[in-house]
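Engineer: I'd like to ask you about the structure that follows.
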Amino acid sequence: MRRWLSGLLPRSNQKVRSAEGLGEFLSRQSFFIAQKCTADYCKGKAGLALFALDTEAAFKDALTICRWEGYAAMLPATAAIAERHLIDAGATAAKTESCLLALVDKILAGHPRPAHRPQGWGDILDLLPERLRWARIEPRPPLAEIAAPAARRLFDVLPFHPSHRELDEEVVSNAVQFQFVAFSDRCRRQIDLRAVALDISGECGAPAAGQGRAAAG
């Protein structure tokens, strides 16, 4: 665990100015939020025993699943928040949704399928259009509402027996919500929203069939 606790959030002085760069940004940020919340919870829950747990095969396997599932669960929420900022910057809702559907599909298809996910990430992709619509609801839902499904999913896959974490759901939810508030601020500071909004119209199209999903048949 110590290896992945360090350097969770890659630093860059370059602003995101393209649709392709936006995809990379969403992937890094989703990874960071999931890993940061997981790492903080594990350290708080296990204390000094965490170093002993880190040598146990069952814990390491559960942690691997948690890392993958947490990362995938954060992607629809980060995409929805980014969409909100892009629409405010002048992007059209239809173009932005089409772009983000393609980007998330490409992100997930770009990773080797983990052992516990031979079927791919179709369930995540199926939920994505509904999550993206949250960016267009009026009045705007609070960030806590957008973050809530991701927080619930992360809580469900934490690498501790349910009986040992049953009272901790609010703690995890609050941690995830806090990270999404910070992520929203990073969108404003690290993305050239107008440049990406202009790029979306020419760079993104409909997602290619089958990416991120199990092959037909």
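The values are calculated or read from the model by the stated rules, or taken from the named source; none is laboratory data. Given the structure is predicted, the values throughout are model-derived calculations rather than measurements. Please note: Cβ atoms are built from the backbone with ideal geometry, for glycine as well, and neighbour counts cover all protein chains shown. Note: areas computed on protein heavy atoms with side chains; ligands, DNA, RNA excluded. Shrake-Rupley method; radii C 1.70, N 1.55, O 1.52, S 1.80 Å.
Engineer: Mind checking which residues of the stretch 136-162 are more than 20 Å from residue 100 (Cα to Cα), in a loop (DSSP other than H, G, I, E, B) and open to solvent by less than 40 Å² (accessible area, probe 1.4 Å)?
Structural biologist: Passing the criteria: 158, 159, 160.
Engineer: Then there's this: Residues in the stretch 108-131 that are outside any helix (DSSP H, G or I), open to solvent by 40 Å² or more (accessible area, probe 1.4 Å) and not hydrophobic (A, V, I, L, M, F, W, C): how many?
Structural biologist: Looking only at that region, the number is 7.
Engineer: Being among the β-branched types (Val, Ile, Thr), closer than 23 Å to residue 143 by Cβ, part of a helix (DSSP H, G or I) and at pLDDT 95 or above is the requirement here; does residue 87 meet it? It would help to see each step written out before you state the result.
Structural biologist: Numbers: among the β-branched types (Val, Ile, Thr): yes; closer than 23 Å to residue 143 by Cβ: yes; part of a helix (DSSP H, G or I): yes; at pLDDT 95 or above: no.
In short, no.
Engineer: Restricting attention to the stretch 92-107, which residues are of a type in the set (D, E, K, R) and either open to solvent by less than 10 Å² (accessible area, probe 1.4 Å) or under 18 Å from residue 74 (Cα atoms) (or both)? Show your work before the answer.
Structural biologist: Our first condition is that a residue be of a type in the set (D, E, K, R); within the stretch 92-107, this holds for 95, 97, 105-106.
Within the stretch 92-107, 97, 105, 106 qualify.
Engineer: Of these, 39, 34, 80, 46, which one is over 25 Å from residue 99 (Cβ atoms), of a type in the set (Gly, Ala, Ser) and either open to solvent by less than 10 Å² (accessible area, probe 1.4 Å) or at pLDDT 95 or above (or both)?
Structural biologist: 39
Engineer: Can you tell me which residue among 79, 19 is in contact with a Leu (Cβ under 8 Å, 6 or more places away or on another chain), in contact (Cβ under 8 Å) with a residue 40 or more places away in the chain and more than 23 Å from residue 154 (Cβ to Cβ)?
Structural biologist: Details: 79 fails: more than 23 Å from residue 154 (Cβ to Cβ).
From the options 79, 19, the qualifying one is 19.
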